[in-house]
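Working notes, beginning with the structure itself.
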Amino acid sequence: MHGHFGRFASVACAWLGSTWAFLCAGLVVVVWIASGPFLHFSQAWVQVITIGTGLATFLMVFLILNTQSRDARAINLKLNEVIRANDKAHNQMIDIEKLSDLELDEMQATYEQIKASWTKRQKQLPEEPPKQ
């Protein structure tokens, strides 16, 4: 069942994020606005767009979350493979997205120290003369 929903979510997000879907949604709004004078801008007229947009938003949240979760997972797996294949990379970086916020904060502080050290060394290097 998860595979079917994943495929549906991918196709739905691809279509619903297209120019055609945007134009269709815009057309629905234009038709709704144009129908206002004929329906005397009634409460029912307002509720149609309110309920329609509410339902569409509610359902789109789940489609977008599913698609983003799968994309993030795929990117993390690709990065894990790059780390694993690179001899100079630190294998401890594999699956760090599963660490706690505290552990991630500690790792970030370590890399900020490395960057600060690199910046300090760069400032100490003599400037190269401009190439002609």
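The values are calculated or read from the model by the stated rules, or taken from the named source; none is laboratory data. Because the structure is predicted, anything quoted here is derived from the model rather than measured. FYI the Cβ positions are ideal-geometry reconstructions off the backbone, even for glycines, and counts take in every protein chain you see.
Structure notes:
- Within the range 95-108, at least one residue is among the hydroxyl-bearing types (S, T, Y), under 30 Å from S69 (Cβ atoms) and within 22 Å of the chain's Cα centre (by Cα).
- Figure legend. Inter-residue proximity from the range 96-108: first residues over 18 Å from A72 (Cβ atoms), second residues part of a helix (DSSP H, G or I) and small (G, A, S), beta-carbon distance below 8 Å, spacing 6+ or different chains. No pairs are indicated.
- Subset of the range 1-26 that is assigned to a helix (DSSP H, G or I) and polar (S, T, N, Q) - its residue that is farthest from N66 (Cα to Cα): T19
- Taking the conditions (1) surrounded by fewer than 10 Cβ atoms within 10 Å (Cβ to Cβ); (2) touching a residue at least 60 places away in the same chain (Cβ under 8 Å) in turn, S10 satisfies each one other than (1).
- Test: residue in the range 73-81 that is loosely packed, with under 10 Cβ neighbours inside 10 Å, out of contact with any helix residue (DSSP H, G or I) (no Cβ under 6 Å at 6 or more places or on another chain) and either at pLDDT below 90 or at positive phi (or both): no
- In the range 71-93, the residues that are outside any helix (DSSP H, G or I) and charged (D, E, K, R): D87, K88
- Selection within the range 27-51: residues that are among the hydroxyl-bearing types (S, T, Y) and part of a helix (DSSP H, G or I). The member of this set that is surrounded by the fewest Cβ atoms within 10 Å (Cβ to Cβ) is T50.
- Residues in the range 32-47 that are under 26 Å from A12 (Cβ atoms) and either outside the structural domain of G17 (by TED's automatic domain parsing) or in contact with a helix residue (DSSP H, G or I) (Cβ under 7 Å, 6 or more places away or on another chain) (or both): W32 alone.
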